[in-house]
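**Student:** Can you keep this structure in mind? I'll have questions shortly.
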Amino acid sequence: MWGGGKLSYSGGRFLGVLGPGCRSSQAKRPRLTSSAVYSKNQLSWTVEIKPGVFNEYRTMWFKSYRMTFSCLNRMKSYRYPWTRPYSTSQNTVDNSEVKTFLALAHKWWDEQGVYAPLHSMNDLRVPFIRDNLLKTLPNHQPGKPLSGMKILDVGCGGGLLTEPLGRLGASVTGIDPVDENIKTAQCHKSFDPVLDQRIDYRACALEEIVEDTAETFDAVVASEVIEHVLDLETFLQYCCQVLKPGGSLFITTINKTQLSYALGIVFSEQIAGIVPKGTHTWEKFVSPEKLESILEPNGLSVQTVAGMLYNPFSGYWHWSENTSLNYAAHAVKSRVQEHPVPAEFVLKGETEQLRANAYASPGMHEELKK
Amino acid sequence: MAARFAVSRWGAAPAVHRGPPVSCRGWSGASADAVYDVVVSGGGLVGAAMACALGHDIHFHDKKILLLEAGPKKELEKLSETYSNRVSSISPGSATLLSSFGAWDHICNMRYRAFRRMQVWDACSEALIMFDKDNLDDMGYIVENDVIMHALTKQLEAVSDRVTVLYRSRAVGYTWPCPFPVTPSSPWVHITLGDGSSLQTKLLIGADGHNSGVRQAAGIQNVSWNYDQSAVVATLHLSEATENNVAWQRFLPSGPIALLPLSDTLSSLVWSTSHEHAAELVSMDEEKFVDAINSAFWNDANHTDFIDSAGTVLQYAIGLLKPTKVSARQLPPSVARVDAKSRVLFPLGLGHAAEYVRPRVALIGDAAHRVHPLAGQGVNMGFGDISSLVHHLSTAAFNGRDLGSMSHLTGYETDRQRHNTALLAATDLLKRLYSTTATPLVLLRTWGLQATNAVSPLKEQIMAFASK
């Protein structure tokens, strides 16, 4: 239904860094990327400065609008003209979604609270992920079946799904654009010494993980996220990029049908209050067919699509043949390299140029070298 | 937030409102305390078996389990010649649990006695019920408690990398976590031990007997009353060696007397009777004690003609409807002497906790329910609790769930409360029904017993329920 989603900023104020293998049409724009992200409500101002170097970047977060001035000062020290951000359409975070999730940032771990259905959804999605991953492992340790696996939980929210995966032995990285969510998640896992080591939380968007090409994951989990992103195609492409060949992508989301409008929006939000009002927009729901049509060209072959049904009276989820409401999908990245080799050379050349431009100031150079 | 229409599946009240409010303050103490996944408080038969079962469970291989036992470690170098006077009747279901983590093999290597038949009859009439397994399965096993404890200790040592046992450790204080803390505070249960050290755990299992400290500290209401009876136990030598694979129980107006086979020449006595009579029995000399036992089993002084004829009438009617073999009343073997110093008495009572679980707490064994020994079900109910709880915890661990989460704990509670409440009610009813000599009740129970004895499917159902 809902979840710590990928937030997309519709104002186009967020610039993502183009990941490797991106479309060459974007090459015309200067790759320099300063990105500012702010939410209308809270005036928390997050600024990300990303030069076009994929492996090093500086992220800075500011808490109030007053800080923009100090931000500008810092910008000056880098001798970096801080340009107004403009959209390169690589952002996947939706501004309008932030408000909803910020207000509920502290309620994640109340098992009978607002997020109760997400807690009970773990009964379905954890076995779904676990069993599909175990199929790929020749043998596994009892007690830690997923040990040795690296999993990325995109839109982890308060860590509801991240923690069970950590308990099963995997090394999990949980990312979420909403800072408060990450704080809640960090706080919650800090009391458990085992989870503290296995889970790593970052308050960032998927774009930043993509830049860091050193990291690839055995599995990417985007649960209750894709119905909140701004640009689904880009999001799924990024998911594919961070996956190892043969890695798995797990998605749970809501189908776009009349039934999902009637039950998912009208009943759940407006009548019964199971989901807070305004959490979902029907236009952004994704049908399994559409999902498959985006995944296939990107080298992700869909293995399973299974319907899920929520019983609001018992509070439990059930698997179902019917995918017209909620469903879970499992796709596997093909082991063959998809991207044409020449494109990478082109990109590299441009990178060199940008690097030369960006490192005008020795001071900044030093900062970046850290 | 919009009005919540969804009905919480735990009833309308969230867990915080269960029972009287218990102080739960955020723990600001040392975060260097060890965090265990499960702490079992109480190292008796049920507590040790729980720790053992979790330690051997495949999904608990990387979890840390702690068992707290107030007493010293009991080393059993060699099996003593004399049998212990505390024995338990182990049902086949409990035997399956014990064999699932390898303790049953140790018991088989030491000693136990299987019995195939059970005869239960009345002192006030000829009515009797004979439980008999048609196939050659055992109905149950009589095992000394010491033997079971030793087997469990051995199996605990086998998984010492996962299960730590602290002897001579008693928990003196518990701090419960707030269900949804506003300020960040440790979500675990904090336990303070007698020696001042403290530890934290994600799930606390209370297996500390009918005066459970865990239950009291959690503020869980307990329905309990004391029976006006005490049980006398002793080890008896039979007059002559017999096959001795039958369990005998006779309901006297003062309380049931049971003879449980230990070996070809030895049996164990469990005689529940009034407090005064029990005290008398324990202090009287051997010969008189033996005579009392024999006459309790053989004496027909409480028979009345009216009841006898009423019984015969029903028996005849049953014979017409269902001409099958009518089991004649058999007499148990006679007793020759009693082991010196083996006569002990302990008081009896009934108890049942209103809730078996709270967030991060679960009760098993006598901490959750205390029953009269007349049905031989006390420890079996505890082992049944273990089977159910281990099953739920194992599934939860394999699903990566927080072990103290109420979702699977309430599953355990529902499972076991259904089973245990029925058994507790039935046992209490039987105890009260057979405590009287009032003619209408005697007639009722005579006819009831005879009818039940005649209906084999019903007997099989009873045996199946008690064997779980």
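The values are calculated or read from the model by the stated rules, or taken from the named source; none is laboratory data. Just so it is clear, the model here is predicted, and its values are computed rather than measured. Ideal geometry is used to build each Cβ from the backbone, glycine not excepted, and the neighbour counts take in all protein chains shown.
**Student:** Pick out the one residue from A:Pro164, A:Pro138 that is more than 10 Å from chain B (Cβ to nearest Cβ) and either assigned to a helix (DSSP H, G or I) or within 26 Å of A:Val305 (Cα to Cα) (or both).
**Tutor:** After ruling out the rest, the residue left standing is A:Pro138.
**Student:** Considering only the range B:202-220, I want to know if a residue exists there that is assigned to a strand (DSSP E or B), in contact (Cβ under 8 Å) with a residue 40 or more places away in the chain and within 14 Å of chain A (Cβ to nearest Cβ).
**Tutor:** Within the range B:202-220, one or more residues are assigned to a strand (DSSP E or B), in contact (Cβ under 8 Å) with a residue 40 or more places away in the chain and within 14 Å of chain A (Cβ to nearest Cβ).
**Student:** Look through the range B:226-276, keep the residues that are outside any strand (DSSP E or B) and acidic (Asp, Glu), and return whichever of them is surrounded by the most Cβ atoms within 10 Å (Cβ to Cβ).
**Tutor:** B:Asp264
**Student:** Surrounded by fewer than 19 Cβ atoms within 10 Å (Cβ to Cβ) and in a loop (DSSP other than H, G, I, E, B), is that true of B:Ala328?
**Tutor:** Against the criterion (surrounded by fewer than 19 Cβ atoms within 10 Å (Cβ to Cβ) and in a loop (DSSP other than H, G, I, E, B)), B:Ala328 qualifies.
This table checks each residue for (1) modelled with pLDDT under 90; (2) within 20 Å of A:Met121 (Cα to Cα).
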position	(1), (2)
A:Asp218	no, no
A:Glu224	no, yes
A:Phe235	no, no
A:Tyr238	no, no
A:Lys244	no, no
A:Leu249	no, yes
A:Ile254	no, yes
A:Gly264	yes, yes
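**Student:** On to the next question. Looking at the range B:377-399, is at least one residue within 14 Å of chain A (Cβ to nearest Cβ) and either aromatic (Phe, Trp, Tyr) or under 10 Å from the mean Cα position of the chain (by Cα) (or both)?
**Tutor:** Keep residues of the range B:377-399 that are within 14 Å of chain A (Cβ to nearest Cβ), which gives B:392-399.
Then keep just the ones that are either aromatic (Phe, Trp, Tyr) or under 10 Å from the mean Cα position of the chain (by Cα) (or both); that gives B:398.
Taking every residue of the range B:377-399 in turn, at least one turns out to be within 14 Å of chain A (Cβ to nearest Cβ) and either aromatic (Phe, Trp, Tyr) or under 10 Å from the mean Cα position of the chain (by Cα) (or both).
**Student:** So B:Val16 passes all but one of these: (1) over 30 Å from B:Leu156 (Cα atoms); (2) outside any helix (DSSP H, G or I); (3) at pLDDT below 50. Which condition number does it fail?
**Tutor:** Single failed check for B:Val16: (2).
**Student:** For A:Asp200, are the conditions met, namely being surrounded by fewer than 17 Cβ atoms within 10 Å (Cβ to Cβ), free of Cβ contacts under 8 Å to residues at least 60 places away in the same chain and within 14 Å of chain B (Cβ to nearest Cβ)?
**Tutor:** no
**Student:** Taking B:Phe297 and the conditions (1) more than 15 Å from B:Leu236 (Cβ to Cβ); (2) in contact with a Pro (Cβ under 8 Å, 6 or more places away or on another chain), which numbered condition does it fall short on, given that it satisfies the others?
**Tutor:** Just one mismatch for B:Phe297, condition (1).
**Student:** Shifting gears a bit: Among the numbered criteria (1) surrounded by 19 or more Cβ atoms within 10 Å (Cβ to Cβ); (2) touching a residue at least 12 places away in the same chain (Cβ under 8 Å), which one does B:Gly400 miss?
**Tutor:** Going through the list (1) surrounded by 19 or more Cβ atoms within 10 Å (Cβ to Cβ); (2) touching a residue at least 12 places away in the same chain (Cβ under 8 Å), B:Gly400 breaks only (2).
**Student:** Just need a number here: residues in the range B:169-206 that are of a type in the set (Lys, Arg) and surrounded by 21 or more Cβ atoms within 10 Å (Cβ to Cβ).
**Tutor:** Number satisfying all stated conditions: 1.
**Student:** Which of the residues spanning the range A:147-161 are surrounded by 24 or more Cβ atoms within 10 Å (Cβ to Cβ), within 12 Å of another protein chain (Cβ to nearest Cβ) and either polar (S, T, N, Q) or touching a strand residue (DSSP E or B) at 6+ places or on another chain (Cβ under 8 Å) (or both)?
**Tutor:** Result: A:Ile151, A:Gly159, A:Leu161.
**Student:** In the range B:250-270, which residues are closer than 22 Å to B:Val147 by Cα and within 22 Å of the chain's Cα centre (by Cα)?
**Tutor:** Once the filter is applied, which keeps residues that are closer than 22 Å to B:Val147 by Cα and within 22 Å of the chain's Cα centre (by Cα), the range B:250-270 yields B:Ala258, B:Leu259, B:Leu260, B:Pro261, B:Leu262, B:Ser267, B:Ser268, B:Leu269, B:Val270.
**Student:** Exactly one of these conditions fails for A:Ser120: (1) crowded, with 18+ Cβ neighbours inside 10 Å; (2) away from chain B (no Cβ under 14 Å); (3) over 27 Å from A:Glu215 (Cβ atoms); (4) among the small types (Gly, Ala, Ser). Give me its number.
**Tutor:** (2)
**Student:** Oh, and also: Are there any pairs with C-beta distances below 8 angstrom linking a residue in the range A:275-293 that is within 14 Å of A:Ser260 (Cβ to Cβ) to a residue that is among the aromatic types (Phe, Trp, Tyr) and outside any helix (DSSP H, G or I), with the two at least 6 apart or on different chains, and if so which?
**Tutor:** Close Cβ pairs (under 8 Å, with a partner that is among the aromatic types (Phe, Trp, Tyr) and outside any helix (DSSP H, G or I)) amount to A:Val275/A:Trp2; A:Thr279/A:Trp2; A:His280/A:Trp2; A:Pro288/A:Tyr327.
**Student:** Here is a follow-up. Being assigned to a helix (DSSP H, G or I), hydrophobic (A, V, I, L, M, F, W, C) and under 31 Å from the mean Cα position of the chain (by Cα) is the filter here; which residues of the range B:277-319 pass it?
**Tutor:** Of everything in the range B:277-319, those that are assigned to a helix (DSSP H, G or I), hydrophobic (A, V, I, L, M, F, W, C) and under 31 Å from the mean Cα position of the chain (by Cα) turn out to be B:Ala278, B:Ala279, B:Leu281, B:Val282, B:Phe289, B:Val290, B:Ala292, B:Ile293, B:Ala296, B:Phe297, B:Trp298.
**Student:** A further question on this structure: Go over the candidates B:Leu429, B:Leu443, B:Leu345, B:Leu389 one by one and state the one that is among the aliphatic types (A, V, I, L, M) and at pLDDT below 90.
**Tutor:** On the way: B:Leu429 fails: at pLDDT below 90; B:Leu345 fails: at pLDDT below 90; B:Leu389 fails: at pLDDT below 90.
Result of the check over B:Leu429, B:Leu443, B:Leu345, B:Leu389: B:Leu443.
**Student:** Going by what's in this entry, would A:Val126 be described as assigned to a helix (DSSP H, G or I) and within 9 Å of chain B (Cβ to nearest Cβ)?
**Tutor:** Working: assigned to a helix (DSSP H, G or I): yes; within 9 Å of chain B (Cβ to nearest Cβ): yes.
So A:Val126 passes the test.
**Student:** While we're looking at this one, here's another question. Quick one: B:Val223 ticks every box in (1) part of a strand (DSSP E or B); (2) within 30 Å of B:His372 (Cα to Cα); (3) in contact with a Ser or Thr (Cβ under 8 Å, 6 or more places away or on another chain) except a single one, so which number is it?
**Tutor:** (3)
**Student:** Can you say whether A:Val114 is among the β-branched types (Val, Ile, Thr), out of contact with any strand residue (DSSP E or B) (no Cβ under 6 Å at 6 or more places or on another chain), in a helix (DSSP H, G or I) and at the interface with chain B (Cβ under 7 Å from one of its Cβ atoms), as far as the supplied structure shows?
**Tutor:** For A:Val114, the condition - among the β-branched types (Val, Ile, Thr), out of contact with any strand residue (DSSP E or B) (no Cβ under 6 Å at 6 or more places or on another chain), in a helix (DSSP H, G or I) and at the interface with chain B (Cβ under 7 Å from one of its Cβ atoms) - is not met.
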